[in-house]
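Sharing a structure below in structure tokens format, with a few things to ask.
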Amino acid sequence: MYPADGVGEHTEHVLNYYDKTSRKVLVTNIETPFPDGKLIVSRTDRNGVITHVNQPFVDISGYEEHELIGQPHYILRHPDIPKLVFQDLWEVVSSGQKWFGYVKNLRKDGGFYWVYATVVPNVRHGGIVGYTSVRRKPSRIKVEAALATYVEMLNEERG
Ligand SMILES: Cc1cc2nc3c(=O)[nH]c(=O)nc-3n(C[C@H](O)[C@H](O)[C@H](O)COP(=O)(O)O)c2cc1C
């Protein structure tokens with residue numbers, strides 16, 4: 001949650017989550033590259049609480065597996081991603097459809113990593129029991145384009 005001692009320059013942000021909780025996060029400009037040839041996978045219950053993560057997820061997030069399981073997925077939320085992106089994600093997946101998007105995630109140490117995420121609902125007996133997100137290495141050009149859109153959206157959100 002906080003950058004390790006000596007990580008250097010950082011900024012402080014307060015994140016207000018959907019469930020009305022908030023937390024102060026320290027953010028650095030240090031990017032961890034998406035590992036080549038890997039997929040980063042997690043599963044959540046219907047409420048977005050993490051129930052499963054694979055090893056590449058653990059490695060890139062900077063958390064231990066036991067620190068992730070049982071936590072809301074917003075533990076990875078980065079202040080550079082507009083709220084509307086996740087509102088859209090939830091609207092799409094809770095209606096039973098697939099969602100795709102570029103997401104910048106926050107590491108435990110305050111650094112970040114970009115992913116291209118595909119989120120799908122897990123359906124059993126006609127009902128949604130949870131969600132799975134599979135993340136691939138994003139192209140740099142697409143990340144730059146997403147970032148430009150997100151900056152505009154954030155400016156609008158902040159008024
Ligand atoms: C399967 C699944 C994976 C998700 N993965 C991420 C993620 O990697 N990073 C992230 O910030 N939010 C992710 N979310 C969205 C979060 O649940 C949450 O909506 C988001 O972090 C914004 O927080 P808020 O809804 O409290 O504002 C995921 C949601 C689901 C259902």
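For the range 77-100, how many residues are assigned to a strand (DSSP E or B), farther than 17 Å from Val14 by Cα and touching a residue at least 24 places away in the same chain (Cβ under 8 Å)?
Qualifying residue count, the range 77-100: 0.
Considering the range 47-76 alone, what residues qualify as being assigned to a loop (DSSP other than H, G, I, E, B) and near the ligand (Cβ under 9 Å from one of its atoms)?
Answer for the range 47-76, where residues must be assigned to a loop (DSSP other than H, G, I, E, B) and near the ligand (Cβ under 9 Å from one of its atoms): Asn47, Gly48.
Can you find a residue in the range 103-114 that is in a strand (DSSP E or B), farther than 23 Å from Glu12 by Cα, within 11 Å of the ligand (Cβ to nearest atom) and touching a residue at least 40 places away in the same chain (Cβ under 8 Å)?
Scanning the range 103-114, I find no residue that is in a strand (DSSP E or B), farther than 23 Å from Glu12 by Cα, within 11 Å of the ligand (Cβ to nearest atom) and touching a residue at least 40 places away in the same chain (Cβ under 8 Å), so the answer is no.
So Thr118 ticks every box in (1) within 13 Å of the ligand (Cβ to nearest atom); (2) touching a residue at least 24 places away in the same chain (Cβ under 8 Å); (3) of a type in the set (Val, Ile, Thr); (4) in a strand (DSSP E or B) but one. Which box is left unticked?
Every listed condition holds for Thr118 apart from (2).
A follow-up question, please. Is one or more of the residues making up the range 6-21 modelled with pLDDT under 90, touching a helix residue (DSSP H, G or I) at 6+ places or on another chain (Cβ under 6 Å) and not basic (Lys, Arg)?
yes
Conditions (1) among the aliphatic types (A, V, I, L, M); (2) within 12 Å of the chain's Cα centre (by Cα); (3) modelled with pLDDT under 95; (4) under 22 Å from Val129 (Cα atoms), marked per residue:
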residue: Ser42; (1), (2), (3), (4): no, yes, no, yes
residue: Val49; (1), (2), (3), (4): yes, no, no, yes
residue: Glu64; (1), (2), (3), (4): no, no, no, no
residue: Gly70; (1), (2), (3), (4): no, no, no, yes
residue: Arg77; (1), (2), (3), (4): no, yes, no, no
residue: Leu84; (1), (2), (3), (4): yes, no, no, no
residue: Asp88; (1), (2), (3), (4): no, no, no, yes
residue: Ser95; (1), (2), (3), (4): no, no, no, yes
residue: Phe100; (1), (2), (3), (4): no, no, no, yes
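The values are calculated or read from the model by the stated rules, or taken from the named source; none is laboratory data. None of the values given here were measured: they were computed from a predicted structure. Counting neighbours? That spans all protein chains shown, and the Cβs are built from the backbone with ideal geometry, glycine included.
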